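Note sheet for the following structure.
The values are calculated or read from the model by the stated rules, or taken from the named source; none is laboratory data. Keep in mind that this is a model prediction, so the values were computed, not measured. Reconstructed Cβ throughout: ideal geometry from the backbone, glycine too, with neighbour counts over all protein chains shown.
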Ligand code: WQD
């Protein structure tokens, strides 16, 4: 009996001082391995502006990328979006691509059954603010319904971590500036597009509450602008650009006659709208930092982070900066305010710096230089010039 007791205590001591630390060591090693990029990431909306720039950074960091896109917002000469073909040229790596809509449960499930997906970065969404006011149901069906389907298929396949492409629009008209992550969300979202971002955030929070295995990072973008410094990929809006920077660059390249400055009577230094513009490459790198956070074994549930520079620029300051970067005069005319616009919006990005070890490093000059480099090399965007 004593002998048995002696032996079992010996086994217990061995277990306690050897097996448990070994388990933590293994878990730590797996996490580091994943953080080093030895993992496979599903990128929804991978053919889009932010998606394609993020795929570049993922490939540069040894991640394996599976991209899907329903191609509604990206130009394609054949089966793969032109943007992703150029990503492959930039990186020398291959992107596995599926022409799939996130509402197609069966097609999504097949992707998860074909590839061992370690995590997901979710960009796929309709994102034209003005259009969302005209066709709200299409936006709710696609952005909210599609995200819920994606989450269901992920859970079914045991993939319970996601980085979500959210937006500063969830803050509505800011109650204070700079905006911190604890600013109220969902109040005063001025358009269905912004509401879809808010609703999807809330769905993801509820999923985390229902199942503690889920890990979610919500990245709230301020105003993404610029292009990859190769000039091979960039923002290529279809039709008349809604956003300021692509409109300015199309004036500079001669595709548009002049810029309409929406409002010159805001309570800002020069009366025009102030926004926190962030270089697309800084934004893309922010997604890699979010993945590293997700792969940390001590991260649980959900967390939101602002991705901005913390500095606001007015419309007229952007026009001046672009003119200096391109050497082109940008004709403009100050007109009335645009429905739903807010006066000023810029981030407090200190939480991302503290917890993601991420900060924007490219300034407005870089944003304008790289935008012009892309536009000048691709006057008609991805369509053959
Ligand atoms: C910026 C400033 C306009 C066009 C939107 C979405 C947001 C995010 C970024 C996705 C404003 C002024 C613009 C023009 C102008 N998208 N402007 N003439 O409205 O801050 O944000 O895009 O996540 O969710 O809401 O960006 O570029 O449209 O406008 O004077 O032709 O430029 O009034 O002050 P916005 P924007």
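Overview of results
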{"quantity": "Among the candidates 288, 283, 316, residue that is closer than 25 Å to residue 178 by Cα, out of contact with any helix residue (DSSP H, G or I) (no Cβ under 9 Å at 6 or more places or on another chain) and in a helix (DSSP H, G or I)", "calculated": "316"}
{"quantity": "Test for residue 333: is it within 30 Å of residue 304 (Cα to Cα), exposed (fewer than 15 other Cβ atoms within 10 Å of the Cβ) and more than 25 Å from the chain's Cα centre (by Cα)", "calculated": "no"}
{"quantity": "Leading residue by the ranking (modelled with the lowest pLDDT) among those in region 184-197 that are buried (at least 20 other Cβ atoms within 10 Å of the Cβ) and in contact with a helix residue (DSSP H, G or I) (Cβ under 6 Å, 6 or more places away or on another chain)", "calculated": "189"}
{"quantity": "Matching helices (runs of 4 or more DSSP H) fully within region 40-148 where at least 2 residues are in contact (Cβ under 8 Å) with a residue 60 or more places away in the chain and within 23 Å of residue 221 (Cα to Cα)", "calculated": "49-60, 82-91, 129-134"}
{"quantity": "Qualifying positions in region 160-173 - surrounded by 18 or more Cβ atoms within 10 Å (Cβ to Cβ) and either within 16 Å of the ligand (Cβ to nearest atom) or assigned to a loop (DSSP other than H, G, I, E, B) (or both)", "calculated": "160, 163, 164, 165, 166, 167, 168, 169, 170, 171, 172"}
{"quantity": "Residues (within 16 Å of the ligand (Cβ to nearest atom), touching a strand residue (DSSP E or B) at 6+ places or on another chain (Cβ under 8 Å) and over 30 Å from residue 319 (Cα atoms)) located in region 193-245", "calculated": "200, 201, 218"}
{"quantity": "Pairs, first on the phi > 0 side of the Ramachandran plot in region 271-288, second within 14 Å of the ligand (Cβ to nearest atom), C-beta under 9 Å, six or more apart", "calculated": "271/263; 271/264; 271/265; 271/314; 271/316; 271/334"}
{"quantity": "From 152, 131, 181, residue being surrounded by fewer than 19 Cβ atoms within 10 Å (Cβ to Cβ) and within 19 Å of residue 304 (Cα to Cα)", "calculated": "181"}
{"quantity": "For residue 356: the one exception among (1) within 15 Å of the ligand (Cβ to nearest atom); (2) touching a helix residue (DSSP H, G or I) at 6+ places or on another chain (Cβ under 8 Å); (3) modelled with pLDDT of 95 or more", "calculated": "(1)"}
{"quantity": "Number of positions in region 317-342 that are touching a strand residue (DSSP E or B) at 6+ places or on another chain (Cβ under 8 Å) and either more than 13 Å from the ligand (Cβ to nearest atom) or at pLDDT 95 or above (or both)", "calculated": "11"}
{"quantity": "Residue in region 271-287 that is surrounded by fewer than 21 Cβ atoms within 10 Å (Cβ to Cβ) and at pLDDT 95 or above present", "calculated": "yes"}
{"quantity": "Single residue of region 291-306 satisfying the filter (more than 16 Å from the ligand (Cβ to nearest atom) and under 20 Å from residue 350 (Cβ atoms)) that is surrounded by the fewest Cβ atoms within 10 Å (Cβ to Cβ)", "calculated": "296"}
